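Remarks on the structure that follows.
The values are calculated or read from the model by the stated rules, or taken from the named source; none is laboratory data. What you see is a predicted model, and the numbers here were worked out from it, not measured in a lab. No Cβ is skipped: glycine too gets one built from the backbone with ideal geometry, and neighbour counts run over all protein chains shown. The accessibility values were calculated without ligands, DNA or RNA, using every heavy atom of the protein model including side chains. Shrake-Rupley method; radii C 1.70, N 1.55, O 1.52, S 1.80 Å.
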Amino acid sequence: QVQLVESGGGLAQPGGSLRLSCAASGFTFRNYAMGWYRQAPGKQRDLVAIISSGANTNYVDSVKGRFTISRDNAKNMVYLQMDSVKPEDTAVYFCSVRVLGRDRWGQGTQVTVSS
């Protein structure tokens, strides 16, 4: 079955960096686009970045130039490098893939940006 496991969250100071990782299994990873989403308390879950099977990337405007999504097809991993983080980046971050018409999610990893 499809499984996504995020890691790498934690506490960062404003202007600092974090690297999130997502380990994927249960599907042919290299054939699928992968996404990172985030959900702040009391808010909806929003797309942050997406990487296609061909490694084309897109970002929400608020993270462009600060976050970088990447993938390693040999390891079935997708990453989100978060630089110059801001307090408004505080949220639970989720890895996602759409397989057989269904969105699949990991359990999420908490990112808190605070001084």
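Figures for the structure shown
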{"item": "Simple Cβ-charge dipole of the chain, Lys/Arg +1 and Asp/Glu -1, about Cα centre, in debye nearest 20", "result": "240"}
{"item": "Loop trypsin sites (Lys or Arg not before Pro), the stretch 1-70, which have at most 16 other Cβ atoms in a 10 Å radius of their Cβ (DSSP)", "result": "Lys43, Lys64, Arg66"}
{"item": "Aspartates and glutamates whose Cα lies under 20 Å from that of Lys75, excluding same-chain neighbours fewer than 8 positions away", "result": "Glu6"}
{"item": "Under 21 Å from Lys64, Cα to Cα: lysines that are on another chain or at least 8 residues apart", "result": "Lys43, Lys86"}
{"item": "Surface per residue (accessible, 1.4 Å probe) for the chain, Å²", "result": "54"}
{"item": "Cα-based equivalent ellipsoid of the stretch 65-115: semi-axis lengths in Å, sorted from largest, via gyration tensor", "result": "24, 15, 9"}
